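Notes to accompany the following structure.
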There are 2 protein chains.
Amino acid sequence: MTDFWNDSPGLAEALSSVAAIMRESLRSTDFPIEDAVASIIESNGKMLRPALVLIGARFGRGGMESRILPLAAAIELLHVSTLVHDDVLDEAELRRGIPTLHTRFGAKEAVLAGDWLFARAFLLAAESASPANAKALARLVSAICAAEIKQDMDKWSYSASRRGYFRKIAGKTAALFSLALHVGAAEAKAPAPVAERLRRAGYNLGMAFQILDDILDFESSAGVMRKPVGRDIAEGLCTLPLIHALRVDEHGVRALLSALSRERDGAAQMEPAVAAVIARTVSLGGVDAARRDAARFTARAEAEIARLPATPARDELSRLSSRLLSRLY
Amino acid sequence: MTDFWNDSPGLAEALSSVAAIMRESLRSTDFPIEDAVASIIESNGKMLRPALVLIGARFGRGGMESRILPLAAAIELLHVSTLVHDDVLDEAELRRGIPTLHTRFGAKEAVLAGDWLFARAFLLAAESASPANAKALARLVSAICAAEIKQDMDKWSYSASRRGYFRKIAGKTAALFSLALHVGAAEAKAPAPVAERLRRAGYNLGMAFQILDDILDFESSAGVMRKPVGRDIAEGLCTLPLIHALRVDEHGVRALLSALSRERDGAAQMEPAVAAVIARTVSLGGVDAARRDAARFTARAEAEIARLPATPARDELSRLSSRLLSRLY
């Protein structure tokens, strides 16, 4: 695991247990490329989603680890299975420095391994979650898949509005953050109003997180680089900074996007066109406007968190929120 | 639906309800390529797996349609989602005469649509099955994915033994047939010994069905063509007829397989090499020996069915078994 949780030793320990459950879930069947899938899980970064489940659960009764830890593992397995499929489809060669499954075993094995992870995740969820929460999880995954298809089909059209963009990230990142916090609280029998507030906090946290993540595509100056600059642009995606820039100077930005679209099949020649879109978006204030939107969601998340019961769990969530959002600024 | 169920009007009607639930499950979300996925479901042939769920349920109490029909739909959706992914990975252009999703929308959309179907299927299962059966379903799907990966990695090695082949099809087709009959019976609260017998009947029926399906790859004389002859061979698979042929004349057959392997990257040139393997397998009695194995599983399935309570449901299962297995002979 990363050093992201250094300030939260209790959480880091629980996340190690979650990782162990994920590994155990791999070991329990006759699975041919077990080690390769295990190495993805070993490297899987922050484990943010299971951490949210665990924090949510701390607002409920204690002594429920036997249900909460597998549920947190299930949510992370679902996330990893989507990453495995994303990497095949994007033909990514590396994921966190490790060769992707399709690079090692071919696309067929990688898609099947993703399917297998999906099934193991649903199995863990069925074993550890209440039927209502298992259903909520399945519903969320199907909504995320639908949103991904929609996003892919909208590429290169630059038709998204600010509202459409918010709707899209609400259905993906924000819904998953929201579900993770809420499911943890619900399974640990937290009072319903607390679980509801956690749902809203997770929603706003997820919205801010995704906007900031999308801003990174325009900035190389961020302290921690999560992905190469300009990758979204080169794929024809229309994220919030670009949407703001289009509102300020639709004609000028569309001209640059048309130039970019013409280059889209020759990756080598795209860089100047991508750089031009980025520079124009920044100079039109698109990134600053997006950052203001993110700040608004951050403030809402903080307001929800402030109204949670004053417990160590609230402090933990508050610390996570500021660490997560500040390190991306 | 096909005319396969003409002799079973009650079942055909229930299967129409299952298809309606599948369509409804598609309509309930904001899914961009809904019509295309619906057309796959409209064309989905025999609906054998949901039929087994429905027949199994008839050994239990009546009046449980509200749970049984969605469960049958969930099992068929799982099956369809694996077909969608198979078609992307095999680059198939048509499925039952309809252009495949990846042909119409690209590989990314097709993989995501398969994921979406998976999630919808698990959602339906979580809504309609008992937790134990929902888990059994998730476990089965993960086992099938693992078996598929193993099969793909074993391609061109021709290392399978008869026992290894039986184990493989036991974990795929037979496990699914077995689960479908058993789950239907269990959800409809059939007596446990009856549900257990249905599980064994389904297992043997599935084994016979898969062997006969694999035999079709060697025969163009079959009354109904399910797939082009020689496709398995051209993909480097080692099914039961070939395993038998290798036992009779390992040296001669391996020489033909080596010649085939050398041609594997140039599809146009493969046909004579494939034809040579098929002709040799048939002349060595590999197909006849495989057919004898299938007949043994068929006899076992019939023996289990004969010992079920003498009800219209038993007659239905018996008719299905002989229709299914005879039309493939």
- Averaged over B:126-138, how many beta carbons belonging to a partner chain fall within 10 Å of each residue's beta carbon? 5
- Could you state the angle between the C-alpha long axis of helix B:175-187 and the longest principal axis of the C-alpha atoms of chain B, as a value from 0 to 90 degrees rounded to the nearest 10? 10 degrees
- Item | Residue-count net charge about A:Leu123 - beta-carbon cut-off 10 Å; Lys, Arg +1, Asp, Glu -1 | +2
- Note on the structure: Listed residues B:Pro241, B:Pro32, B:Pro99; largest mean-square fluctuation, Gaussian network over chain B with Cα springs below 10 Å, found at B:Pro32
- Note on the structure: Highest GNM mean-square fluctuation among A:Leu71, A:Leu52, A:Leu123, for chain A with Cα springs under 10 Å, belongs to A:Leu123
- Which angle from 0 to 90°, rounded to the nearest 10, does the C-alpha axis of helix A:192-216 make with the longest principal axis of chain A? 30 degrees
- Query: Among B:Asp152, B:Asp293, B:Asp217, which one shows the biggest mean-square fluctuation in a GNM of chain B, springs joining Cα atoms closer than 10 Å?
  - Reply: B:Asp152
- Query: Along the charge dipole of the protein assembly as shown, which of B:Ser16, A:Gly63, A:Ala119 sits closest to the positive end, that is, farthest toward it, with unit charges on the beta carbon of Lys, Arg, Asp and Glu (+1, +1, -1, -1)?
  - Reply: A:Gly63
- Query: By how many degrees, between 0 and 90 and to the nearest 10, does the Cα long axis of helix A:267-283 differ from the longest principal axis of chain A?
  - Reply: 90 degrees
- Taking square-rooted eigenvalues a ≥ b ≥ c of the alpha carbon gyration tensor, is the range A:128-206 rounded, prolate or oblate, where a/c under 1.5 means rounded and, failing that, a/b exceeding b/c means prolate? oblate
- Item | Relative contact order [Cα under 8 Å, 6+ residues apart], the range B:153-329, whole percent | 29 percent
- Message: Could you tell me how far the Cα centroid of the range B:15-90 sits from the Cα centroid of the range B:106-178, in Å?
- Response: 16 Å
- So which of B:Lys46/B:Lys189; B:Lys135/B:Lys168; A:Lys168/B:Lys172 end up more than 32 Å apart, counting from Cα to Cα? A:Lys168/B:Lys172
- Query: Hey, got the dipole for the range A:9-128? About the Cα centre, +1 on K and R Cβ, -1 on D and E Cβ, debye to the nearest 20?
  - Reply: 480 debye
- Task: For the range B:231-243, take each phi angle, set θ = phi - 60°, evaluate the Karplus expression 6.51 cos²θ - 1.76 cosθ + 1.60, and give the result in whole Hz per residue in order, putting x for glycine and proline.
- Result: 5, 4, 4, 5, 9, x, 7, 10, 9, 4, x, 5, 4
- Query: In nm, to one decimal, how far is the B:Ala275 label point from the A:Ser157 one, both placed 7 Å along Cα→Cβ?
  - Reply: 4.9 nm
- Helix-only mean residue ellipticity at 222 nm for chain B, each DSSP H run of n ≥ 4 adding -39500 (n - 2.57), per residue, nearest 500: -24000 deg cm²/dmol
- Looking at A:Val194, A:Ile233, A:Gln151, which one has the Cα that reaches farthest to the positive end of the dipole of the range A:136-329 (charges on Cβ: Lys, Arg +1; Asp, Glu -1)? A:Val194
- Note on the structure: Total charge of the residues flanking B:Leu15 in space, meaning their Cβ is under 12 Å from its Cβ, with Lys and Arg +1 and Asp and Glu -1, is 0
- Message: Need one word for chain B: rounded, prolate or oblate. Basis is the Cα gyration tensor (sqrt eigenvalues a ≥ b ≥ c); a/c below 1.5 gives rounded, then a/b vs b/c decides.
- Response: oblate
- Interchain or sequence-distant (5+) residues whose placed amide H lies within less than 5 Å of the amide H of B:Arg95 are B:Thr100
- Going from the fewest other Cβ atoms within 10 Å to the most, one would list B:Ser326, A:Ser8, B:Ser142 as B:Ser326, A:Ser8, B:Ser142
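No value in this document is a laboratory result; all are computed from the given coordinates. All figures in this text were calculated on a predicted structure; none of them were measured in a lab. Methodologically, a virtual Cβ is constructed for each residue, glycine included, from the backbone with ideal geometry; neighbour enumeration extends over all protein chains shown.
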